[in-house]
1. Output the residues belonging to segment 40-56 that are in contact (Cβ under 8 Å) with a residue 40 or more places away in the chain and part of a loop (DSSP other than H, G, I, E, B).
2. Could you tell me whether VAL94 is buried (at least 17 other Cβ atoms within 10 Å of the Cβ), of a type in the set (Val, Ile, Thr), within 20 Å of ALA17 (Cα to Cα) and out of contact with any helix residue (DSSP H, G or I) (no Cβ under 9 Å at 6 or more places or on another chain)?
3. Might you let me know whether segment 24-32 holds any residue that is crowded, with 17+ Cβ neighbours inside 10 Å and under 30 Å from VAL134 (Cα atoms)?
4. Within segment 154-163, is even one residue among the aliphatic types (A, V, I, L, M), open to solvent by less than 50 Å² (accessible area, probe 1.4 Å) and assigned to a loop (DSSP other than H, G, I, E, B)?
5. Within segment 97-120, track down each residue that is under 23 Å from TYR21 (Cα atoms), acidic (Asp, Glu) and either touching a helix residue (DSSP H, G or I) at 6+ places or on another chain (Cβ under 6 Å) or outside any strand (DSSP E or B) (or both).
6. Run SER85 past the list (1) over 27 Å from VAL146 (Cα atoms); (2) open to solvent by less than 40 Å² (accessible area, probe 1.4 Å); (3) among the small types (Gly, Ala, Ser) and report the number of the one that doesn't hold.
7. Can you tell me which residue among ARG7, ARG11, ARG19 is surrounded by fewer than 17 Cβ atoms within 10 Å (Cβ to Cβ), at pLDDT 95 or above and in a strand (DSSP E or B)?
8. Within segment 57-64, identify whether any single residue is touching a residue at least 60 places away in the same chain (Cβ under 8 Å), assigned to a strand (DSSP E or B) and crowded, with 18+ Cβ neighbours inside 10 Å, and answer yes or no.
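The values are calculated or read from the model by the stated rules, or taken from the named source; none is laboratory data. Worth saying up front: this structure is predicted, and the values here are computed from it rather than measured. Because the Cβ atoms are built from the backbone with ideal geometry, glycine has one as well, and the counts that use them run over all protein chains shown. Only protein heavy atoms, including side chains, enter the accessible area calculation; ligands, DNA and RNA are left aside. Shrake-Rupley method; radii C 1.70, N 1.55, O 1.52, S 1.80 Å.
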Amino acid sequence: MPSDVVRVVYRKYDGAAHRDYPARRLTEDDLGVWLGVTAGTESVYHGRPSVEQIPFVLLVPHDAWWSAMFNPPPRTSEVYCDIASPARWEGETVHLIDLDLDVVRRRGTGLVELRDEDEFAEHRARFGYPEETVGRARAAAEWLYVALGDGTEPFASAYRKWLALVV
């Protein structure tokens, strides 16, 4: 039986540290692995020590070019999706490469935003993202943009039962 603690490690394409934190394995289903992070969790953000102020649930899909963070109030983003390489698991550590683009649904208004296109373009040139990576990242962002707005699960309500376990 797997440990209930998973280390989540995001890096940028050049290998630079992005995010690193422990999370509790909540469940695994056909969508992926659901992880919970409580307020007060010590983490690393952009290589600097940090403490999570607001709890969240992370969905790490089995084989997709994104991950999804589901947030309670008062965070203004209800759902925050990172465009990232498919997850690579090493024991109880999951590794993801953050590819800059984010798709966010705002709480209250339901507005869906594609963010950080400028950072994606800059890093694409600087780090030499392969064309296949660019295509998959853009396709994931386009799919998420629609899915976050049209009620596709798990973005409509399926995440709420898992989020209730960490708030």
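1. Step one: of segment 40-56, the residues in contact (Cβ under 8 Å) with a residue 40 or more places away in the chain are 55-56.
Residue satisfying the conditions is PRO55 alone.
2. Values: buried (at least 17 other Cβ atoms within 10 Å of the Cβ): yes; of a type in the set (Val, Ile, Thr): yes; within 20 Å of ALA17 (Cα to Cα): yes; out of contact with any helix residue (DSSP H, G or I) (no Cβ under 9 Å at 6 or more places or on another chain): yes.
For VAL94, the condition - buried (at least 17 other Cβ atoms within 10 Å of the Cβ), of a type in the set (Val, Ile, Thr), within 20 Å of ALA17 (Cα to Cα) and out of contact with any helix residue (DSSP H, G or I) (no Cβ under 9 Å at 6 or more places or on another chain) - is met.
3. Yes - at least one qualifying residue is present in segment 24-32.
4. Residues of segment 154-163 among the aliphatic types (A, V, I, L, M): 156, 158, 163.
Then drop every residue that is not open to solvent by less than 50 Å² (accessible area, probe 1.4 Å), which leaves 156, 158, 163.
From what is left, the residues that are assigned to a loop (DSSP other than H, G, I, E, B) are 156, 158.
Yes, segment 154-163 has at least one match.
5. ASP100, ASP116 - these are the residues of segment 97-120 that are under 23 Å from TYR21 (Cα atoms), acidic (Asp, Glu) and either touching a helix residue (DSSP H, G or I) at 6+ places or on another chain (Cβ under 6 Å) or outside any strand (DSSP E or B) (or both).
6. SER85 satisfies every listed condition except (1).
7. Numbers: ARG11 fails: surrounded by fewer than 17 Cβ atoms within 10 Å (Cβ to Cβ); ARG19 fails: surrounded by fewer than 17 Cβ atoms within 10 Å (Cβ to Cβ).
Every option except ARG7 fails the conditions.
8. At the first step, the residues of segment 57-64 found to be touching a residue at least 60 places away in the same chain (Cβ under 8 Å) are 57, 59, 64.
Filter once more, keeping what is assigned to a strand (DSSP E or B): 57, 59.
Then keep just the ones that are crowded, with 18+ Cβ neighbours inside 10 Å; that gives 57, 59.
For segment 57-64, residues touching a residue at least 60 places away in the same chain (Cβ under 8 Å), assigned to a strand (DSSP E or B) and crowded, with 18+ Cβ neighbours inside 10 Å: present.
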